[in-house]
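Notes for the one structure printed next.
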Amino acid sequence: MSLLSENIIPGNYGKIFGTNAESIEDLKKIKKRVLAVKGVKDVILNPEVFPLEFTVHTKEVVDVKDVENAVIKSGFHAVAKDVFEL
């Protein structure tokens, strides 16, 4: 494990998460929960792909587990995607 795989680093790239949400309304519920996590600046929803995705941008280093736990509280699951595509 590394700093990049376990944390969301501030910047323009953010971290992409896949989720088991099934609709845009579900993504909006997730967004509301994730925005409540300390250090999260913005959440961008991507309903155009399957499985649905969202990108989290932060203003400070945020643990990926904090975002995943916030999503679980909304009734869904989220898994961080790899830092760099192969």
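Output the number of residues of segment 44-60 satisfying the condition of being farther than 13 Å from D26 by Cβ and touching a helix residue (DSSP H, G or I) at 6+ places or on another chain (Cβ under 8 Å). The number of residues fulfilling the criteria is 1. Quick one: what pairs do we get from segment 54-79, first residue under 13 Å from I9 (Cβ atoms), second part of a helix (DSSP H, G or I) and charged (D, E, K, R), C-beta under 8 Å, 6+ apart or different chains? Correct list of pairs: D63/E6; V64/E6.
Applying the criterion of at least 1 residues that are open to solvent by 80 Å² or more (accessible area, probe 1.4 Å) and among the hydrophobic types (A, V, I, L, M, F, W, C) to the helices (runs of 4 or more DSSP H) found wholly in the chain leaves 3-6, 64-73. Of everything listed in (1) touching a Ser or Thr at 6+ places or on another chain (Cβ under 8 Å); (2) modelled with pLDDT under 95, the single unmet condition for K29 is (2).
The values are calculated or read from the model by the stated rules, or taken from the named source; none is laboratory data. Everything numeric here is computed off the predicted structure, so don't read it as measured data. When we count neighbours, we look across all protein chains shown, and the Cβ atoms used for this are built from the backbone with ideal geometry, even at glycine. To get the accessible areas, we keep the full protein, side chains included, count just its heavy atoms, and leave off ligands, DNA and RNA. Shrake-Rupley method; radii C 1.70, N 1.55, O 1.52, S 1.80 Å.
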